[in-house]
Amino acid sequence: MNSTIFLLSFLIPWLLGLIEFKLDKKKADIVMLISALSSLALTSYGLVLFLGNRGIYHLVYIHSQGLGEVFGFVVDTMSVLMAFIVSLTALLILLYAIDYMSSSNKLHPVTSGKGTFYGWMLILEGAVLGFVFSSSLLSFLVFAEVIAIATWGVIRYYKTPNARHAANKAFGFINLSMLFGLLLVVVFGLVKYHDTSLYALTQLDSHAKLWVFLGVMFTAITMSSQFPLYSWLPDSTEAPTPASAFTHSIGIVEAGLFMMVRTIQFMDGIPKTAYYVIAILVVITQVMSIFYYPLQKDAKRLLAYSTIAQVGIMYVALLGAMLGSAGGLQASVYQLFNHSLVKSLAFLVAGTFGFSFGTFDMKKIKGLRWILPGAAVGWFLALLGLAGVPPMGLFLSKANVIMTGTTTVRGAPWIEWVPILLVLVDATIFFLVAVLWLKSMLFGEPSYEKGKISPLMCAVLIVLMVVMTVSPFLTLHLTESIRFIGG
Amino acid sequence: MVIYLLELSLSLFVLGAISGLVVEYKSVMRLSSTFATLASLALIALIVEAYGHLPIKGELLGTPIMIDGLSLVFLAIIGVVGLADAIYTFNYMDKYEKLGKAWVFALAYNAFLASMVLLVTTSHLVWFVFWWEIMTFSAFVLVIWEEKDSLWAGAQYYITMHLTSTLPLLLAMAIGYSVVGSFDGMGFADIAAHIGTLSPGLVKLLYASFLLAFMAKSGMVPLHFWIPSAYASAPSNISTLLSGVMEKMAVYGLVRATFDILKPTVAFGYLVAILGVVTLVVGTLYALKQTNAKRLLAYHSVGQMGYIWLGVAIGITFMKNPDPTLAFIGTLGLAAGLFHALNHALFKGSLFLSAGAVEYAAGTQDLNKVSGLYKIMPWTGVFALLASLGISGVPLFNGFVSKWMIYEAGYYSKNFWFVLGAILALLISAVTLASFIKFYNSAFGGEPNELTSKAKEVPGSMLIGQGILSILCLVIGVFPVVALAIVTLPVGKGVITAGVLGLSFNSIYFSPVLLAIVLGVLFIAFLLFLPARAKETAKPWDCGSTLFPEETYRLRASDYYRPYEKRIGAFYAFGDFFGDLGTEVINRTIAAYVWIGKYFVRTAEIPRVTVENVDDLRDGVTLHLDDALIMPIVRFVKVVGIISKTAVVLVLIVAVAVLAALIW
């Protein structure tokens, strides 16, 4: 497997991203397009190559006596598919950003400094692409730190007090979790074993396994904004909408989950204590988001809480994997793919509210179907899609999570059923909230003048709607080849 | 060939669905209903082709397909009602032209029909639920079409469906998966083969989940509350599909799940029977007091579904009975239930189309306001009459045959409770007749009034739609063999012998054709030998007063059964009590949520507003647990920073001062 393709797919955005900081306007657009397109071209070429020659490839680039495997790649179905979806989503979101970050935006007119935004976004994209191929905890740490910095950069982009606060909060929370989580684990690994490779995880004794797992988990769930450090994600919606779309659909939030999937995949025989820790945290997160949904009137914040819950569902699926079911891994990754497309649609549609009416307040928007028909359709599909209504993919993936979950907990004490049943409760409450908002927002007397969005933005929305309806059927069987690797 | 026809039908639906690309409203409507018509015709061809070659297995888009007798019964319902409805839609939707969004209609309408076709042909539980959800979803889009009252009705429908039908089905799916352990192994037969490994508690949960899901969709009491408002506010062609076809999918699901996944047990049968009897009583008695044409029909839908469930319940209870006579009664009951499902689809479909025609012509559904429409819309009048006679169970019409089979099965079960159920069903049938006398007379009888005299007969395509269904009601009533050939497929041949002249089972023989001849002879005799009546209609005498408009002393729909409604007032009060109870439970839940929600929001920041509902809470700042934990530390660090900076400055000043003092 020629992995230079994947190496380039994240190095190009990094390089061009750095150049972007010096550019603005049209030039920035062009460099961004070159970067995003070449990334997508590389990852799709890689995907095609991989599908012709499937397997699990482990490549080590930098290896030293003292630090063990410093930098290497794991190329398997999960990372290749993930890279493809990352670059696809990034391209669509950045295309949308060309017109969104302009002076015709009613809420946040942008006249200069577009290059800075693209720069952070491209670095973010590159870091996520590098992250998903990482083969050691050390390189997870490095890429995660770059993701955190780039996330900080995009969140504070508008430089309002709220945006600065949100950016600092996100950066602070994530680094706090690394300090007490991943960083400790990496230092421990380097000092004691002189290696942090994923392939070494399975050789740990069970005591070390528990602590390593809990350390990685603490960082992962903070990146995924699960309880206890979750509130930075709703606050981070202060970011420009395309950045929020990326962060929520395939950025830092999903990276955290991805790291967890990898750890579980490679570390076999995880102590049951870890299962209970994660189960309790996920249950608290689910219950909390159920209470938060109805309280939101800001479209983007509503979506943020839904992200927390949806990622929580991915963790519920991982609970099954921790009990030894590969189905749990598959359900989790499948849910991740489906969620990323629906969530980016949801955010991009919410962005059009700010763009053409200057508000994200859902209470103020009425008669959307008359004043912004395209967005009305998108909002309808996105909200119901998040609630798990077919033909949108989250229906199948939620069903998958529940089905594989039931298999592993059948005959177990009732307490293990709780997270799985909460998936259903959560979907129901979100559904109620979604239907009631749709009823009040889409119909009735319009509350604003007829809005306008550019053809490019509209095209992106349409492409996303099509992709999100088709992709679940394509990825369903692909994700079925995800298995445990370690042990 | 059969699979090919299925593919053909679905491709036509797909073409119909994308006909919105044409953009221009009327062209889209014409095009999409033409494709839906063709697709329905393909379905009818499929039934003819598949007949005698059952079961047929195959694959469609990678999903497993199985067409057996049961599928065929329901494919017939979709095909025939779909055909009539699509033809009717050709012109009917012009009424809504102002709303635009033709492409949404084309998409939802065709997806609705196609999802039901796939629902009854798939043999895989996950895909069953998937198509079930597509059906529910597209029905929602169609129900809210009018965007006024229908918004609330639609939301109520969709939320009820999600809670009481989607959730149980997902649970059932999960339990099913836990025994087979793979996505591909979720076929009905595979689950049935492994069901023995489930613990008794989970088996009960499985029964309960399926039952709840199908109760909600077919509107069994107490889950019928969403039906009247949804059916009344949806466009009439959609009400036809909802009541004629979508409700039947629940019957399909019930029969499929009970016989092919679970096992029909006596206890389950009793439960289904009780639900059926309660529903047929409640639905029909509530229908009696309705004065809105579509609400009246909707309540009758509830009632008629009760009959169908009673028939199916007899099947579930007795079919596996070791005693052959009782097993036969079970078979008869199931066949009767399925037969009534088909009949109900025909007459209720036609009635909703007629109600739509009345609304189209006179602009109202209120039976108190319309009158004398027969003189204005004779064709609609005739078709509505045929369908009304069908639903009332008058001999020579289809409703009679299936109801009669249900009564027979009930009596001959020799089981006290089923006999009681059958007697109740018979009595309630009289109420149905009374109700339809009101319906027909107040809309079509009498003289046209101010409102209706301006109306005119609806376009031909709408009449064809009504005609297909109404004439089938009569044809099946006189020649039941037409329908019996299909509805007895799932229960096996030889149970009921049906010929052109009549049908017989269990040494009972009934010949509608002979009855028709006898009645025809009597009718002609009456015409010949009775003195001709005066043709003039007299106007009521108003004591010479000219001030009272005729409207004030006309017999209106609300006046028909007023004394009877008063007599059973306690019954209505009892029913309404449960309605109020439900509303109260919802209100209390919301109040409880608001009480808890206050702890999630900084309410003190909302000026001069007392928090009374969820919307008030939304104006506050949302609070977070981790903020509450970490922000004090951050603030503390900041404060410490400020203090230490000040301290450093102070120390420096002091030091400088001391130094200066020393030097000085």
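The values are calculated or read from the model by the stated rules, or taken from the named source; none is laboratory data. Keep in mind it's a predicted model, so treat the numbers as computed, not measured. No Cβ is skipped: glycine too gets one built from the backbone with ideal geometry, and neighbour counts run over all protein chains shown.
Out of B:VAL649, B:VAL658, B:VAL611, report the one residue that is within 14 Å of chain A (Cβ to nearest Cβ) and surrounded by 10 or more Cβ atoms within 10 Å (Cβ to Cβ). Steps first, answer last, please.
On the way: B:VAL649 fails: within 14 Å of chain A (Cβ to nearest Cβ); B:VAL658 fails: within 14 Å of chain A (Cβ to nearest Cβ).
B:VAL611 is the lone residue from the list that is within 14 Å of chain A (Cβ to nearest Cβ) and surrounded by 10 or more Cβ atoms within 10 Å (Cβ to Cβ).
Yes or no, residue by residue, for (1) more than 21 Å from the chain's Cα centre (by Cα); (2) in a helix (DSSP H, G or I):
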residue	(1), (2)
A:GLY66	yes, no
A:GLU69	yes, no
A:VAL74	no, no
A:MET78	no, yes
A:SER87	no, yes
A:LEU92	no, yes
A:LEU95	no, yes
A:SER102	yes, no
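Quick check: is even one residue across the range B:557-578 hydroxyl-bearing (Ser, Thr, Tyr), away from chain A (no Cβ under 12 Å) and more than 30 Å from B:SER371 (Cα to Cα)? Scanning the range B:557-578, I find no residue that is hydroxyl-bearing (Ser, Thr, Tyr), away from chain A (no Cβ under 12 Å) and more than 30 Å from B:SER371 (Cα to Cα), so the answer is no. When restricted to residues that are touching a Lys or Arg at 6+ places or on another chain (Cβ under 9 Å), within 10 Å of chain A (Cβ to nearest Cβ) and either farther than 19 Å from B:ASN110 by Cβ or not in a helix (DSSP H, G or I) (or both), the range B:127-153 contains 3. Within the range A:291-311, residues that are within 20 Å of A:LEU257 (Cβ to Cβ) and more than 9 Å from every other protein chain (Cβ to nearest Cβ) have Cβ atoms under 8 Å from residues that are assigned to a helix (DSSP H, G or I) and among the basic types (Lys, Arg) in these pairs: A:LEU303/A:LYS343; A:SER306/A:LYS343; A:THR307/A:LYS343; A:GLN310/A:LYS343, counting only partners at least 6 apart in sequence or on another chain.
When B:GLY196 is tested against (1) more than 12 Å from chain A (Cβ to nearest Cβ); (2) outside any helix (DSSP H, G or I); (3) modelled with pLDDT under 90, exactly one condition is not met: (2). Once the range A:407-427 is narrowed to residues that are free of Cβ contacts under 8 Å to residues at least 12 places away in the same chain and facing another protein chain (nearest Cβ under 8 Å), the residue that is farthest from B:ALA174 (Cα to Cα) is A:GLY411.
Scan the range B:154-193 for residues that are more than 7 Å from chain A (Cβ to nearest Cβ), within 28 Å of the chain's Cα centre (by Cα) and not aliphatic (A, V, I, L, M) and the total you get is 11. From the set of residues in the range B:443-459 that are assigned to a helix (DSSP H, G or I) and either outside the structural domain of B:THR364 (by TED's automatic domain parsing) or under 27 Å from the mean Cα position of the chain (by Cα) (or both), which is farthest from B:VAL370 (Cα to Cα)? Only one residue fits best here, namely B:PHE444.
Among the residues of the range B:189-202, those identified as in contact with a Gly (Cβ under 9 Å, 6 or more places away or on another chain) and in contact (Cβ under 8 Å) with a residue 12 or more places away in the chain are B:ILE191, B:HIS194, B:ILE195.
Just to be sure before I move on: is B:ILE159 in contact (Cβ under 8 Å) with a residue 12 or more places away in the chain and either assigned by TED's automatic domain parsing to the domain that holds B:LEU212 or crowded, with 20+ Cβ neighbours inside 10 Å (or both) in the structure I sent? Before you say what the answer is, go through the steps one by one.
Numbers: in contact (Cβ under 8 Å) with a residue 12 or more places away in the chain: no; either assigned by TED's automatic domain parsing to the domain that holds B:LEU212 or crowded, with 20+ Cβ neighbours inside 10 Å (or both): yes.
No: the conditions fail for B:ILE159.
Scanning the range B:96-135 for residues that are under 21 Å from B:LEU70 (Cα atoms) and among the hydroxyl-bearing types (Ser, Thr, Tyr) yields B:SER115, B:THR121, B:THR122, B:SER123.
Does the range A:391-406 hold any residues that are more than 9 Å from chain B (Cβ to nearest Cβ) and more than 23 Å from A:PHE380 (Cα to Cα), and which are they?
Keep residues of the range A:391-406 that are more than 9 Å from chain B (Cβ to nearest Cβ), which gives A:392-394, A:397, A:401.
The answer is A:VAL401, and nothing else.
Annotation for the range B:30-37: at least one member residue is of a type in the set (A, V, I, L, M, F, W, C), modelled with pLDDT of 95 or more and crowded, with 24+ Cβ neighbours inside 10 Å. Within the range B:135-149, residues that are more than 19 Å from B:SER165 (Cα to Cα) reach partners that are of a type in the set (A, V, I, L, M) with beta carbons closer than 6 Å, at six or more positions or on different chains, in the pairs B:ILE144/B:LEU151. Somewhere in the range B:49-68, is a residue touching a Lys or Arg at 6+ places or on another chain (Cβ under 6 Å), modelled with pLDDT of 90 or more, closer than 24 Å to B:PHE130 by Cβ and away from chain A (no Cβ under 14 Å)? There is at least one residue in the range B:49-68 that is touching a Lys or Arg at 6+ places or on another chain (Cβ under 6 Å), modelled with pLDDT of 90 or more, closer than 24 Å to B:PHE130 by Cβ and away from chain A (no Cβ under 14 Å). When A:MET267 is tested against (1) away from every other protein chain (no Cβ under 14 Å); (2) closer than 30 Å to B:TYR599 by Cβ; (3) surrounded by 24 or more Cβ atoms within 10 Å (Cβ to Cβ); (4) not basic (Lys, Arg), only condition (2) is not met. Taking the range B:359-393 as the range and being farther than 28 Å from B:VAL478 by Cβ and part of a loop (DSSP other than H, G, I, E, B) as the test, the residues that pass are B:GLY363, B:THR364, B:GLN365, B:LEU367, B:ASN368, B:LYS369, B:VAL370, B:SER371, B:GLY372. Of the residues examined, A:PHE443 is not one that is in contact with a His (Cβ under 7 Å, 6 or more places away or on another chain) and crowded, with 18+ Cβ neighbours inside 10 Å. For the range B:291-346, the set of residues classified as closer than 25 Å to B:ASN237 by Cβ, touching a Pro at 6+ places or on another chain (Cβ under 7 Å) and surrounded by fewer than 24 Cβ atoms within 10 Å (Cβ to Cβ) consists of B:ARG295 only. For B:ILE476, the stated conditions do not hold, so it cannot be described as surrounded by fewer than 17 Cβ atoms within 10 Å (Cβ to Cβ) and either at pLDDT below 90 or assigned by TED's automatic domain parsing to the domain that holds B:GLY315 (or both). When B:ALA485 is tested against (1) in contact with a helix residue (DSSP H, G or I) (Cβ under 9 Å, 6 or more places away or on another chain); (2) over 17 Å from B:GLY399 (Cβ atoms); (3) not polar (S, T, N, Q), just one condition goes unmet, and that condition is (1). Residues that are over 24 Å from B:PRO459 (Cα atoms) and among the hydroxyl-bearing types (Ser, Thr, Tyr) were ranked within the range B:359-415; the one that is surrounded by the fewest Cβ atoms within 10 Å (Cβ to Cβ) is B:TYR411. Which of (1) within 24 Å of A:LEU432 (Cβ to Cβ); (2) buried (at least 18 other Cβ atoms within 10 Å of the Cβ) does B:PHE188 not meet, given it meets every other one? The failed condition is (1). Tallying residues that are crowded, with 21+ Cβ neighbours inside 10 Å and farther than 19 Å from A:TRP14 by Cα within the range A:81-105 yields 4.
Find the residue count for the range A:190-227, including only residues that are in contact (Cβ under 8 Å) with a residue 60 or more places away in the chain, among the small types (Gly, Ala, Ser) and in a helix (DSSP H, G or I).
Step one: of the range A:190-227, the residues in contact (Cβ under 8 Å) with a residue 60 or more places away in the chain are A:190, A:193-202, A:204, A:206, A:209-210, A:213-214, A:216-217, A:219, A:221, A:223-227.
When the remaining residues are screened for being among the small types (Gly, Ala, Ser), the result is A:197, A:200, A:206, A:224-225.
From the residues that got through so far, the ones that are in a helix (DSSP H, G or I) too are A:200, A:206.
Total satisfying the criteria: 2.
Considering A:SER197, A:SER206, A:SER231, the condition of being surrounded by 24 or more Cβ atoms within 10 Å (Cβ to Cβ) and polar (S, T, N, Q) is satisfied by A:SER231 alone. The single condition among (1) assigned to a helix (DSSP H, G or I); (2) away from chain A (no Cβ under 14 Å) that B:VAL221 does not meet is (1).
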